[in-house]
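K.L.:
Have a look at the structure that comes next, please.
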Amino acid sequence: MDFRNIDEGHNDNPEENLVFHYNREERLKKAPKIVQDYHSGKLTAYKPGLFKALVSTKSNRMIFFALIICLAVVIFTGLFNKPEKNSLNGIGVSVSAMSFDETVYVSLKFEEDRNYKKAPLPLTCSIEFLDIDKNVVEKYSDMVVFNGKEEYIRTTYHDYDILCVNAFVSSEDKSVKLTTGVSKH
């Protein structure tokens with residue numbers, strides 16, 4: 001389509017054609033200094049470093065410090081939120097509990113000891129499920145023979161507001177009590 005013959009505007013007096021005057025240099029003379037520098041090529045893009053970009057504005061500083069706080073919380077919980085561990089006759093014992101799909105899963109772990117040269121040691125284990133009022137809802141007992149290799153005792157129970165789990169591990173002469181909270185998943 002040819003757009004040359006389309007009338008884009010006209011004067012009421014048909015004898016005079018419209019005349020548009022545009023002078024770029026004149027417009028730039030009246031423009032602010034930053035616009036003049038931009039058109040002349042003197043203005044360069046601002047390229048701050050990484051840290052300057054993170055703290056250049058108030059909102060950037062707030063986001064940066066929120067990220068630092070979140071990182072500190074993750075590191076703190078990673079360092080200090082370990083399952084409770086204890087030792088019984090030199091054997092590392094730990095307990096963990098989690099709730100998933102209305103079931104509490106408990107795992108009692110006896111850690112591997114490559115230097116264990118004694119006779120196999122029978123261990124009696126008792127696990128108690130406690131509710132919000134610290135009342136024992138259910139008990140589970142089992143026995144394991146430790147001979148230096150990693151061993152587990154695992155059990156489940158329906159989650160009727162189970163808050164924490166106590167585990168009692170005893171050998172012939174010693175006993176250990178471990179307590180852990182139930183993490184919700």
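The values are calculated or read from the model by the stated rules, or taken from the named source; none is laboratory data. Predicted model, so just to flag it, every value in this text is computed and none were measured. All Cβ positions, glycine included, derive from the backbone under ideal geometry; neighbour counts span all protein chains shown. When the accessible area is computed, the model is the full protein with side chains, heavy atoms only, and any ligands, DNA or RNA have been set aside. Shrake-Rupley method; radii C 1.70, N 1.55, O 1.52, S 1.80 Å.
K.L.:
Work out, step by step, the length gained on full extension between R27 and I132: first 0.36 nm times the residue separation, then minus their alpha carbon distance; give nm to one decimal.
P.N.:
Working: separation 105, 0.36 × 105 = 37.80 nm, distance 7.75 nm.
Full extension of this stretch gives 30.0 nm more.
K.L.:
In whole Hz, with x marking every Gly and Pro, tabulate ³J(HN,Hα) for segment 94-104 from phi via Karplus 6.51 cos²θ - 1.76 cosθ + 1.60, θ = phi - 60°.
P.N.:
The phi angles translate into 9, 10, 9, 9, 9, 10, 8, 6, 6, 9, 9 Hz.
K.L.:
Another question, then. With Cβ to Cβ distances under 12 Å as the rule, what net charge do the other residues near H39 carry (K, R +1; D, E -1)? Intermediate results must be reported in sequence, preceding the final value.
P.N.:
Values: positive: R24, R27, K29, K33, K42; negative: E25, D37.
Once positives and negatives cancel, what remains is +3.
K.L.:
Right, here's the next one. Provide the per-residue ³J(HN,Hα) series for segment 68-80, in order, calculated from phi with Karplus coefficients 6.51, -1.76, 1.60 and θ = phi - 60°, each as a whole number of Hz, with x at glycine and proline positions.
P.N.:
5, 5, 4, 5, 5, 5, 5, 5, 4, 5, x, 7, 10
K.L.:
So if the hydrodynamic radius of the chain is defined as the Kirkwood radius over C-alpha pairs, what does Stokes-Einstein give as its diffusion coefficient at 4 °C and 1.567 mPa s, in µm² per second? Could the numbers behind the result be given before it?
P.N.:
Numbers: Rh = 24.1 Å.
So the translational diffusion coefficient is about 54 µm²/s.
K.L.:
How much length, in nm to one decimal, is gained on full extension between R114 and K42, taken as 0.36 nm per residue of separation minus their Cα-Cα distance? Don't skip to the answer; put the middle values down first.
P.N.:
On the way: separation 72, 0.36 × 72 = 25.92 nm, distance 7.19 nm.
Result: 18.7 nm gained on full extension.
K.L.:
Expressed in nm to one decimal, what extension gain is obtained for the pair N5 and T103 from 0.36 nm per residue of sequence separation less their Cα-Cα distance?
P.N.:
On the way: separation 98, 0.36 × 98 = 35.28 nm, distance 8.09 nm.
Working it through step by step, the gained length comes to 27.2 nm.
K.L.:
Same structure, new question: Per-residue ellipticity at 222 nm for the chain, helices alone: DSSP H runs ≥ 4 residues times -39500 (n - 2.57), over residue total, nearest 500 deg cm²/dmol?
P.N.:
-7000 deg cm²/dmol
K.L.:
Let me ask another. Could you list, in their original order, any pairs among K30/K52; K29/K52; K33/K58; K52/K184 whose Cα atoms are separated by more than 32 Å? The partial results should precede the final answer.
P.N.:
Numbers: K30/K52 34 Å; K29/K52 34 Å; K33/K58 27 Å; K52/K184 41 Å.
Listed pairs above 32 Å: K30/K52; K29/K52; K52/K184.
K.L.:
How much accessible area per residue does the chain have, counting only protein heavy atoms and a probe of 1.4 Å, in square angstrom? Write out the running numbers ahead of the final one.
P.N.:
Working: 14300 Å² over 185 residues.
Accessible area per residue, the chain: 77 Å².
K.L.:
Separate question: Please list, short to long, the whole-number percent of alpha-carbon pairs of segment 32-97 in consecutive 10 angstrom bins beginning at zero.
P.N.:
Distribution as computed: 16, 20, 20, 14, 13, 8, 5, 4, 0 percent.
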